[in-house]
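S.K.: Structure provided below as structure tokens; questions to follow.
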Amino acid sequence: MALSPLHYHPLPFPFPFPYTSIPPRHSKPLSFSSSFPPKPFKPFASSTSTPPLPPNFSPSQLLDLLRRQPDESSSFRIFQWAHNHPNFSPTPSLYHEILRQLGNAASFHSMFTVLRQMTSNGHVIDSGTFLIFVESYSKFQLYDEIGNVIRIMEREYGLKPDTHFYNVALNALVEGGKLKLVETMNDEMVSSGVKPDVSTFNVLIKALCKAHQLRPAILMLEDMHNYGLSPDEKTFTTLMQGFIEEGDLDGALRIKEMMVESGCLLTDVSVNVLVNGFCKEGRVEEALGFIEGVASEGFSPNQVTFNALVNGLCRNGHTRHALEIMDVMIEKGFNPDVYTYNSLISGLCKLGEVDEAVEILQQMVLRDCTPNTVTYNTLISTLCKEKQVEAATELINFLSDKGIVPDVCTFNTLIQGLCLTRNRETAMDMFEEMKKKGCRPDEFTYSILIDSLCSEGRLKEAMTLLKQMELSGCARNVVVYNTLIDGLCKNKRIAEAEEIFDQMELLGVSRNSRTYNTLIDGLCRSKRVEEASQLMDQMVMEGLKPDKFTYNSLLTYFCRGGDIKKAADIVQTMTSNGCEPDIVTYGTLLGGLCKAGRVEVASRLLRSIQMKGMVLTPRAYNPVIQALFRRGKTKEAMRLFREMMEKGDPPDAISYKIVFRGLCNGGGPIEEAVDFTVEMLEKGLLPELTSFSFLAEGLCSLSMDDTLIELINMVMEKAKFSETETSIVRGFLKIRKFRDALANLGGILDRKSRRF
């Protein structure tokens, strides 16, 4: 079968190339030993005769032709066509070119075919040929195969890898983060008697720095001297970078001093590494001083220097100064790149200057600097946080018009913003839109939407979406299942929550502490405490340690039921298992004690908690204050309330409600209730109408009508009554019809949003 003429690249000869089949690509590791059968190579057979080569067709012409092909399949067919002609002899550069093209496409079988052809044609294969295999395997992260390359070199071709070969192979493993393989290969290099050079040590130092082993990395300098080698600029720069990555700039500066003392000059790369280190730690002024110092030694700031300064200033909230640095950068002839603009946009967004960030984006486009998804994601995220979801949607449309396809992160950010602003229907539309545009939703996309559906009680739709996620082949994430279990539990659909819980095990989704805690809490709220206790035992058997959330769920159940003994046992078990009770635990226990009428015990516990140095919250104070009011102990209750204001967290709306209700229901002098009402209103809290009515009756009975009128006027002012609403209430007050005034006051307040 013959190919049609190759129209995309005009050739000096008008005839077709014969088709030669190309073996399939491989995306998984392929062993050398399995790829070299002992049988000799046979040239590809063709069902048609091979067309002759044009006169004077040279290897350089074929090399140029191969480099102009759209893909490796076309290149391979052309190469085989030429190779099958007896009068054509490919050069090493031709073989290497086709090997590189095939390697870039992971066509490893075809690479082995070419290698066999080189052997059968008598070409000398050197280590450079095998380095192409090393680079190809590295590109596709098939690092285990690099060792096989060395073995086949030695066993099949009698080639011994030299220092340069090992350096390239070791560096590929370091860049891939395969530090264990680096150690193994280095041992093989030493045992083979191959002497390391400075580059070898630089690679090994880089590996140690990546493994956070800075001391052994420094000791490598001594090993270098044992081999008669001296560190170069790259050695010291690698060490400086290692210290900076560990957050130890001072250590990097010590390495810089060692570098200078050894006679090595600071390079532009070395300077930029240190400038970046200063900026990462927020020491931008020192960075500028350092640049000024090295400038006298001949250093001139470049693009990397300016970008480091801009990024450092933006990260530390000095975006205005960063903009000035960008102006200097432009004056010096350096064009800001996407990194520069992204730093500025991120800095402005952190300051809430979204409009100015958009202006920077427009300036970026005008200067022919193409924004990337990081640029847009930063802006879209900020717009969503500022609840400017419509503007964020417009930005995504603008992004699409510019030919930049939004990534899953962009869509997730916008979908989350839409859900948080209760635009769930639009969020679902965006979900469908992302699929149409070929952007595959991930586990976070599904988690956001399922959480939104659950919060609205639309559990059937949430379950359907979960099924859709499972069928789509999306990675199953524990967060998605936890979200759905939580939604089912909150809607008292415990049986379905248990089904999802069991399904997780069948699907191989690891359940975590939150999974168990959510279901345990749901069971406790459904009064199925025995099953909750059994689930906690199962949790322990799975190697998960119950935490304060686990214990607090059980504690809440027993406290609500008035079973103080079992509640106390829970706290005891919690402590003995090394889980320290928090203020939520104590607040729950205090509420249980007060509910059971054991106020004195609750008061002593309150003092005990204070002695532990814990800051008491309204959750701890409120139940005790309420219990004291109910027992008529107004002074003690008010003392605790004032103590909370001075020593604990500020009282919340519930605290004021409890005190106001206690004072108005005959719990103390009426003047104290009036003063407290004023105090509440000054804090922006509106009084509870039922208790306020009690206070009004008391004031009327004591002929304190003017005080009542003044309080009602204050309530209307704080509640922002309209002129009409105010006139209605004041009309009743004017004729002393206080009941009617209060009834209208309450009706109007019901129609307004209140603090509680």
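The values are calculated or read from the model by the stated rules, or taken from the named source; none is laboratory data. Only a predicted model underlies this, so the values are computations on that prediction, with no experimental measurement involved. FYI the Cβ positions are ideal-geometry reconstructions off the backbone, even for glycines, and counts take in every protein chain you see. Surface areas here come from the heavy atoms of the whole protein model, side chains and all, with no ligands, DNA or RNA. Shrake-Rupley method; radii C 1.70, N 1.55, O 1.52, S 1.80 Å.
S.K.: Tell me yes or no: at least one residue of the range 358-374 is in a helix (DSSP H, G or I) and within 20 Å of N316 (Cβ to Cβ).
M.R.: Within the range 358-374, one or more residues are in a helix (DSSP H, G or I) and within 20 Å of N316 (Cβ to Cβ).
S.K.: Considering only the range 691-700, state which residues are open to solvent by less than 90 Å² (accessible area, probe 1.4 Å) and either within 14 Å of F738 (Cα to Cα) or touching a strand residue (DSSP E or B) at 6+ places or on another chain (Cβ under 8 Å) (or both).
M.R.: Passing the criteria: F692, S693, L695, A696, G698, L699, C700.
S.K.: Which ones in the range 74-91 are open to solvent by less than 30 Å² (accessible area, probe 1.4 Å) and either modelled with pLDDT of 85 or more or in a helix (DSSP H, G or I) (or both)? Quick ask: steps written out before the conclusion?
M.R.: Step one: filter the range 74-91 for residues open to solvent by less than 30 Å² (accessible area, probe 1.4 Å), giving 74-76, 78-83, 85, 88, 90.
S74, S75, F76, I78, F79, Q80, W81, A82, H83 - these are the residues of the range 74-91 that are open to solvent by less than 30 Å² (accessible area, probe 1.4 Å) and either modelled with pLDDT of 85 or more or in a helix (DSSP H, G or I) (or both).
S.K.: Would you mention how many residues in the range 707-756 are open to solvent by 40 Å² or more (accessible area, probe 1.4 Å) and within 17 Å of G684 (Cα to Cα)?
M.R.: Of the residues in the range 707-756, 12 are open to solvent by 40 Å² or more (accessible area, probe 1.4 Å) and within 17 Å of G684 (Cα to Cα).
S.K.: Are any residues in the range 525-563 hydrophobic (A, V, I, L, M, F, W, C) and under 20 Å from I583 (Cα atoms), and if so, which ones?
M.R.: F549, L554, L555, F558, C559
S.K.: Could you tell me how many of the residues in the range 375-423 are more than 18 Å from D355 (Cα to Cα), within 23 Å of the chain's Cα centre (by Cα) and surrounded by fewer than 20 Cβ atoms within 10 Å (Cβ to Cβ)?
M.R.: 7
S.K.: For residues that are closer than 15 Å to D232 by Cβ, over 29 Å from the mean Cα position of the chain (by Cα) and open to solvent by 10 Å² or more (accessible area, probe 1.4 Å), tally how many sit in the range 269-295.
M.R.: 1
S.K.: If you don't mind, there's one more thing I want to ask. Within the range 559-584, track down each residue that is open to solvent by less than 30 Å² (accessible area, probe 1.4 Å) and closer than 21 Å to S526 by Cβ.
M.R.: C559, A567, I570
S.K.: Looking at the range 427-447 only, could you name the residues that are touching a residue at least 24 places away in the same chain (Cβ under 8 Å) and either open to solvent by 30 Å² or more (accessible area, probe 1.4 Å) or polar (S, T, N, Q) (or both)?
M.R.: Within the range 427-447, K437, G438, R440, D442, E443, F444, T445, S447 qualify.
S.K.: Can you pull out the residues in the range 392-411 that are free of Cβ contacts under 8 Å to residues at least 12 places away in the same chain, assigned to a helix (DSSP H, G or I) and not acidic (D, E)?
M.R.: Listed by number, the residues that qualify are N397, F398.
S.K.: Exactly one condition in (1) assigned to a helix (DSSP H, G or I); (2) surrounded by fewer than 17 Cβ atoms within 10 Å (Cβ to Cβ) is false for L94; which is it?
M.R.: Among (1) assigned to a helix (DSSP H, G or I); (2) surrounded by fewer than 17 Cβ atoms within 10 Å (Cβ to Cβ), L94 violates only (2).
S.K.: While we're on this one: Step by step: first the residues of the range 699-756, then only those that are of a type in the set (F, W, Y) and assigned to a helix (DSSP H, G or I), then the one that is farthest from D675 (Cα to Cα). Which residue is that?
M.R.: It comes out as F732.
S.K.: Here's a follow-up. Take the range 320-333 and flag every residue that is of a type outside the set (D, E) and either open to solvent by less than 30 Å² (accessible area, probe 1.4 Å) or closer than 13 Å to V310 by Cα (or both). Break it down stepwise before answering.
M.R.: Restricting attention to the range 320-333, the residues satisfying the condition of being of a type outside the set (D, E) are 320-323, 325-326, 328-330, 332-333.
Result: R320, H321, A322, L323, I325, M326, V328, M329, I330.
S.K.: Taking the options K387, K332, name whichever one is of a type in the set (K, R), out of contact with any helix residue (DSSP H, G or I) (no Cβ under 7 Å at 6 or more places or on another chain) and under 25 Å from D429 (Cβ atoms).
M.R.: K387
S.K.: Just for the range 111-127: of the residues that are small (G, A, S) and at negative phi, which one is most open to solvent (accessible area, probe 1.4 Å)? Let's see the steps before the verdict.
M.R.: At the first step, the residues of the range 111-127 found to be small (G, A, S) are 120, 122, 127.
Adding the requirement that they be at negative phi leaves 120, 127.
Numbers: S120: 67, S127: 30 Å².
Result: S120.
S.K.: Let me ask something else. For V174, work out the one condition from (1) open to solvent by 40 Å² or more (accessible area, probe 1.4 Å); (2) of a type in the set (A, V, I, L, M); (3) under 30 Å from M259 (Cβ atoms) it doesn't fulfil.
M.R.: (1)
S.K.: Next up: Identify the single condition in (1) closer than 19 Å to F165 by Cβ; (2) surrounded by 17 or more Cβ atoms within 10 Å (Cβ to Cβ) that S107 does not satisfy, given that it satisfies every other one.
M.R.: Unmet condition: (1).
S.K.: Pick out, from the range 469-557, the helices (runs of 4 or more DSSP H) lying fully within it that include 2 or more residues that are under 19 Å from Q572 (Cα atoms) and open to solvent by 20 Å² or more (accessible area, probe 1.4 Å). If you could, list the steps in order and put the result at the bottom.
M.R.: On the way: elements: 478-490, 494-507, 513-525, 529-541.
Ranges flagged: 529-541.
S.K.: Scanning for something among the aliphatic types (A, V, I, L, M), open to solvent by 60 Å² or more (accessible area, probe 1.4 Å) and either in contact with a Phe, Trp or Tyr (Cβ under 6 Å, 6 or more places away or on another chain) or farther than 30 Å from I125 by Cα (or both), does the range 203-221 turn up at least one residue?
M.R.: Looking for residues that are among the aliphatic types (A, V, I, L, M), open to solvent by 60 Å² or more (accessible area, probe 1.4 Å) and either in contact with a Phe, Trp or Tyr (Cβ under 6 Å, 6 or more places away or on another chain) or farther than 30 Å from I125 by Cα (or both), one finds at least one in the range 203-221, hence yes.
S.K.: Among the residues that make up the range 133-146, is at least one of them of a type outside the set (F, W, Y), open to solvent by 50 Å² or more (accessible area, probe 1.4 Å) and free of Cβ contacts under 8 Å to residues at least 12 places away in the same chain? I'd like the intermediate steps shown before the answer.
M.R.: Residues of the range 133-146 that are of a type outside the set (F, W, Y), as a first pass: 134-136, 138-139, 141-142, 144-146.
Remaining after also requiring open to solvent by 50 Å² or more (accessible area, probe 1.4 Å): 135, 139, 141, 144.
Still in the running and free of Cβ contacts under 8 Å to residues at least 12 places away in the same chain: none.
For the range 133-146, residues of a type outside the set (F, W, Y), open to solvent by 50 Å² or more (accessible area, probe 1.4 Å) and free of Cβ contacts under 8 Å to residues at least 12 places away in the same chain: absent.
S.K.: Among the residues of the range 353-361, is any out of contact with any helix residue (DSSP H, G or I) (no Cβ under 8 Å at 6 or more places or on another chain), modelled with pLDDT of 90 or more and at negative phi?
M.R.: Yes, the range 353-361 contains a residue that is out of contact with any helix residue (DSSP H, G or I) (no Cβ under 8 Å at 6 or more places or on another chain), modelled with pLDDT of 90 or more and at negative phi.
Every residue, every condition in (1) modelled with pLDDT under 90; (2) among the basic types (K, R); (3) crowded, with 19+ Cβ neighbours inside 10 Å, yes or no:
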position: L589; (1), (2), (3): no, no, yes
position: L593; (1), (2), (3): no, no, yes
position: E600; (1), (2), (3): no, no, no
position: M614; (1), (2), (3): yes, no, no
position: P618; (1), (2), (3): no, no, yes
position: Y621; (1), (2), (3): no, no, yes
position: I625; (1), (2), (3): no, no, yes
position: M638; (1), (2), (3): no, no, yes
position: P651; (1), (2), (3): yes, no, yes
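S.K.: Give the range 296-308 a look and list any residue that's surrounded by 19 or more Cβ atoms within 10 Å (Cβ to Cβ) and within 17 Å of S343 (Cβ to Cβ), or say none.
M.R.: Of everything in the range 296-308, those that are surrounded by 19 or more Cβ atoms within 10 Å (Cβ to Cβ) and within 17 Å of S343 (Cβ to Cβ) turn out to be P301, T305, F306, N307, A308.
S.K.: In the range 234-255, which residue that is out of contact with any helix residue (DSSP H, G or I) (no Cβ under 6 Å at 6 or more places or on another chain) and either among the hydrophobic types (A, V, I, L, M, F, W, C) or outside any loop (DSSP other than H, G, I, E, B) (or both) is surrounded by the fewest Cβ atoms within 10 Å (Cβ to Cβ)?
M.R.: D250
S.K.: Also: Looking for whichever is modelled with pLDDT of 90 or more, of a type outside the set (F, W, Y) and in contact with a helix residue (DSSP H, G or I) (Cβ under 6 Å, 6 or more places away or on another chain) here; the options are L309, L323, L274. Which one fits?
M.R.: L309
S.K.: Filter the range 440-468 down to residues that are more than 19 Å from the chain's Cα centre (by Cα) and part of a loop (DSSP other than H, G, I, E, B) and give me whichever is farthest from A427 (Cα to Cα).
M.R.: This residue is G457.
S.K.: Would you pick out the residues in the range 576-632 that are among the small types (G, A, S) and either in a helix (DSSP H, G or I) or in contact with a strand residue (DSSP E or B) (Cβ under 7 Å, 6 or more places away or on another chain) (or both)?
M.R.: S576, G587, G591, G592, A602, S603, S608, A620, A627
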